[in-house]
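Engineer: Quick one: the structure is below, questions incoming.
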Amino acid sequence: MEDKQIMQNIKKIIIKFAIVFFIVMLVLLFFSKTVETMLKPMVTTCKPETKAIRDTYEFKALVNYESTKKAYPEFNYFIEEVLIEENQNIEQGIPIAKLRDIDVKKGRNELEQAISNIETNISNIERSLYQSEDQEDIAHKEKQLEIERKNLESKQKELELHLDIIDENNNIYSPVDAERIKRELEQAVFALETNIYNIEKSLYQIETQEDRAQKEKQLKIERQNLEIKQEELELYLSIIDEGNNLLSRVDGMAVNIMFADQNYTNITTPMFEYIDETIDAAIIWDMSADNRKKYNMESELRLDYIYYEDNGEGSTIEKNGIAELSIDNIKYNAENGKYTYTVLLNTQKHEAIIASPNINATISTDPIMLENAIPISTIHDDPEEDGKIIYVVREDIHTKELIVRKVPIIIKEKYGMYASVDYSFSYNESIVLTTSKDLNNNMKVRLR
Amino acid sequence: MKKKLRVTTKYIIISLISLVVLMPFIVMITNSFMQTQEIIANYSTQSGEYQKLSLIPTQVTLNQYYNVFFRQSDYIRQFWNSVILTFPSVIIQIIISFMAAYALAKIKFPGRNIIFIIILIIMLLPIQVTLVPNFMVLNLLNLTNKQIGIILINIFSPLAICLLRQYLMYIPDETIEAAKIDGAGQLHIIFRIILPQAKGGIAAVAILSFIDSWNMVEQPLILLNDTMKQPLSVLMTSYNYSNIGVAFAAGVVFMIPALIIFLLGQEYIVEGIKLYRSK
């Protein structure tokens, strides 16, 4: 009887357990799917496709100049204030610096005084070199002197001829006649020399030839000096305006300001560096040998730059510009083992690019067609075998759940971020691109 | 002393046999509380043999049960598929088997014994033999890949008919005759007189039928292509080395309904089988 009671109690417990068990299983039937879904790794997928792929390489571009020009001051100045900035376009005649009034006047006076001194010197030299006769007399005497010199030359030749005849054949003249003719000719020559001396004496002061040459040389120098100083004065007056501003004598873009406020500048120190249309600017960068294989002369270079535009209200607004340029030169640099790429810029055509404070450059390869292309990030090393795998998601035809499958693949070609793989993808398969958890074969997943 | 030694020896032998029989269950239950890593370490094969058989977990965990209940909702869904396939099958099978058994045991009609022999022959056929004809019939009826097809196949059980027939044979014919004299009809006799007396046999048949249906693999595997409709017994066969830990926990949960049914009706099973054998 007691055993029967125990059995009854056990049965009751079993029945209670069975009821609880089935209730729990029933609850789980409704909630386990939800919980399971929540716990499934979230994946993003992609499909293999035929892709036209371009490789791109981005870098911050810096504008280099083949050479720059330096603007030197023509005179020594004390700069009160610099009026130009870097990357400012400068034209001839625009003020580049403010000068002190006292310095400007002093400089002008010095030049004028120097010119005056030179002029005095020239006048003195000329006076000492020539007599004070009128020009007509001098011309007449010079003509007379020329005639007399020709006569003298003629007589000297006649005398030489006569002497030769006497020496070779004395039978033409009698010794008396020969002697007489000789004496007459010598007297004529002497007379002509005397005349020439007198004319020359009347034309020039009596001085040695050396002194005269010296004075002529000095005169020439002084005249040259005068010319220089006059040009200097003219220049001085043309490059400083009435407001004591120093005016530019060059056209171009100032790329480096080298003088400063409240400082002296002299003719040996440049005021600023500038470029003009005669200067070659370029964007130059280095690339590895691997990249050299990808990017060639035909590759496109895109520049994203900033430029400033007048908004019509007296201020400027920043704008973004895009330019597409081609590569002009690629050469190997043995020092660093890299390849140096050069894109030439025209200082007029690409003025905005050159002036941009920030240039982002993107170089792109020619498009390459990849069949069956998938992102490289989807390819993993096979931990079990020495190979490559991808995770493929496929919908189960019965459960409609997404199941992950590990698929070994062979990479046929790799380019940039994509690889062409040797695998026949089914239409309902997609490749796991990203996952929230590590994946295993036959794992259920959900799409993000 | 001699008798005591004999009894002791008998108990030792029985205990050893029980241990061998129960060992799979013990392994399954204890291993279901182990960490996955521990299970994999224990059962990784070396030259085709398991490294060791471990019964005591180094660290007890419910992780495998967590995986069964929350990480693999298939298990719960297919548990209920098993319930859906098993309970109607058992109930309808009991009704039909009881009717057939009553007819064979208590109604005298020509060819009764031939029919019984045919049923016996069918009972002797292995289930694999009838799979293809069953499939063809269900295909004709357009019932393949439908759970009702499996239920239809299961509702006819020669074993259940034989068991119940034997059970009903023990009910005296006089009881039926007396009821007839009192004016009772066939249905009244069946439900009011025979059924209460055949309760033990019906329970035994129900339990055996439940266990049979609960564990069926071949029929749903062949007749149900849709894995969403397959019972848990089929899913249990798909566990492999990589998720052996889950298989242990799933096995324990899978065993519970059958165990409950067995514990509730174990006395009827013993009684039913005893009666069948004694005849």
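Engineer: Quick one: what are the phi-derived ³J(HN,Hα) couplings along segment A:373-385, Karplus 6.51/-1.76/1.60 with θ = phi - 60°, whole Hz, x for glycine and proline?
Structural biologist: For segment A:373-385, the Karplus-derived couplings read 8, 10, x, 4, 5, 7, 9, 10, 6, 7, x, 8, 10 Hz, x marking Gly and Pro.
Engineer: Shielding of B:68-78 by partners, i.e. mean partner chain Cβ atoms within 10 Å per residue? Provide the component values of the computation, followed by the final result.
Structural biologist: Numbers: counts 2, 7, 9, 7, 3, 13, 6, 4, 11, 5, 0.
Going residue by residue through B:68-78 and averaging, the value is 6.
Engineer: Segment A:404-419 to segment A:229-253: how many Å between their Cα centroids?
Structural biologist: Here the answer is 71 Å between Cα centres.
Engineer: Going by Cα centres, segment A:255-310 and segment A:8-84 are how many Å apart?
Structural biologist: 38 Å
Engineer: Aspartates and glutamates near A:Lys33 by alpha-carbon distance under 13 Å, same-chain residues fewer than 8 away left out - which ones?
Structural biologist: A:Glu401, B:Asp74
Engineer: Another question, then. Fewest Cβ neighbours within 10 Å first, please rank B:Cys162, A:Cys46 accordingly.
Structural biologist: A:Cys46, B:Cys162
Engineer: Say we join alpha carbon atoms closer than 10 Å with springs in a Gaussian network model of chain A; which of A:Lys69, A:Lys16, A:Lys414 then has the biggest fluctuation?
Structural biologist: Of A:Lys69, A:Lys16, A:Lys414, the Gaussian network model singles out A:Lys16 as fluctuating most.
Engineer: Using the Karplus equation 6.51 cos²θ - 1.76 cosθ + 1.60 (θ = phi - 60°), what ³J(HN,Hα) coupling, rounded to whole Hz, does each residue of segment A:24-32 give in order, writing x for Gly and Pro?
Structural biologist: Along segment A:24-32, the couplings run 4, 5, 5, 4, 5, 4, 7, 9, 5 Hz.
Engineer: Calculated FRET efficiency, A:Tyr197 and A:Ile94, Cβ-Cβ r, R0 51 Å, to nearest 0.05?
Structural biologist: 0.15
Engineer: Something else: Specify whether the C-alpha gyration tensor of chain B places it in the rounded, prolate or oblate class, a ≥ b ≥ c being the square roots of the eigenvalues: rounded for a/c under 1.5, otherwise prolate if a/b is larger than b/c and oblate if not.
Structural biologist: On the way: a/c = 2.47, a/b = 1.50, b/c = 1.64.
Oblate shape, in that a/c is at least 1.5 and b/c is the bigger or equal ratio.
Engineer: Give the long-range amide H neighbours of A:Val255: residues separated by 5 or more places, or on another chain, with amide H under 5 Å away, using H modelled in the peptide plane at 1.01 Å from N.
Structural biologist: Answer set, sorted by chain and number: A:Asn87, A:Glu273, A:Tyr274, A:Ile275.
Engineer: Right, something else. With a point put 7 Å past each Cα toward its Cβ, work out how far A:Asp3 is from B:Glu267 in nm, to one decimal.
Structural biologist: Result: 1.0 nm between the two label points.
Engineer: What angle do you read, to the nearest 10 degrees and between 0 and 90, between the alpha-carbon axis of helix B:112-124 and the longest principal axis of chain B?
Structural biologist: Taking the Cα atoms of chain B, the angle to B:112-124 is about 10 degrees.
Engineer: Apply the a/c threshold of 1.5 to the C-alpha gyration tensor of segment B:113-167 and tell me whether it is rounded, prolate or oblate.
Structural biologist: Taking the square roots of the gyration eigenvalues as a ≥ b ≥ c, segment B:113-167 is prolate.
Engineer: What are the lysines whose alpha-carbon lies under 22 Å from the alpha-carbon of A:Lys182, with same-chain residues fewer than 8 places away excluded?
Structural biologist: Those lysines meeting the cut-off are A:Lys150, A:Lys155, A:Lys157.
Engineer: Moving on. Under a 10 Å cutoff between Cα atoms, tell me which one of A:Ser436, A:Ser420, A:Ser248 has the largest fluctuation in the Gaussian network model of chain A.
Structural biologist: A:Ser436
Engineer: Continuing with the same structure: Enter the mean number of other protein chain beta carbons within 10 Å of the beta carbon of each residue in A:22-32, as an integer.
Structural biologist: Rounded to a whole number, the mean comes out at 5.
Engineer: Ordered by residue, what ³J(HN,Hα) values in Hz, to whole numbers, does segment A:292-303 give under the Karplus form 6.51 cos²θ - 1.76 cosθ + 1.60, where θ = phi - 60° and Gly and Pro are x?
Structural biologist: 3J(HN,Hα) across segment A:292-303, in whole Hz: 4, 5, 8, 9, 10, 5, 8, 5, 8, 10, 10, 10.
Engineer: How tilted is helix B:158-169 with respect to the longest principal axis of chain B? Cα atoms for both, answer in degrees (0 to 90, nearest 10).
Structural biologist: 50 degrees
Engineer: Looking at this model, which pairs from A:Lys40/A:Lys437; A:Lys70/A:Lys106; A:Lys400/B:Lys229; A:Lys47/A:Lys412 are more than 19 angstrom apart at the alpha-carbon? Working shown, then result.
Structural biologist: Numbers: A:Lys40/A:Lys437 8 Å; A:Lys70/A:Lys106 26 Å; A:Lys400/B:Lys229 13 Å; A:Lys47/A:Lys412 17 Å.
Beyond 19 Å: A:Lys70/A:Lys106.
Engineer: Which of A:Gln218, A:Gln88, A:Gln144 moves the most in a Gaussian network model of chain A with Cα springs under 10 Å?
Structural biologist: Sorting by GNM fluctuation, first place goes to A:Gln144.
Engineer: Contact order normalised by length for chain B, with contacts defined as Cα pairs under 8 Å and 6 or more residues apart; what percent is it?
Structural biologist: Contact order relative to length: 28 percent.
Engineer: Still on this model: For segment B:68-131 and segment B:207-269, what is the separation of their Cα centres, given in Å?
Structural biologist: 16 Å
Engineer: Check the straight Cα-Cα distances from A:Lys388 and name the aspartates and glutamates below 15 Å, setting aside those fewer than 8 residues away within the same chain.
Structural biologist: Cα-Cα hits under 15 Å: A:Glu413, A:Asp422.
Engineer: Which angle between 0 and 90 degrees, to the nearest 10, do you get for helix A:175-203 versus the longest principal axis of chain A when only C-alpha atoms count?
Structural biologist: The helix A:175-203 is inclined about 60 degrees to chain A.
Engineer: Which far-off residues, 5 or more places away or on another chain, put their amide H under 5 Å from the one on A:Val250, with H placed in the peptide plane?
Structural biologist: A:Gly93
Bear in mind these aren't lab numbers, they're just calculated from the coordinates by the rules spelled out. These figures come from a predicted structure and were not determined experimentally. So basically every Cβ, Gly included, is an ideal-geometry build from the backbone, and we count neighbours across all protein chains shown.
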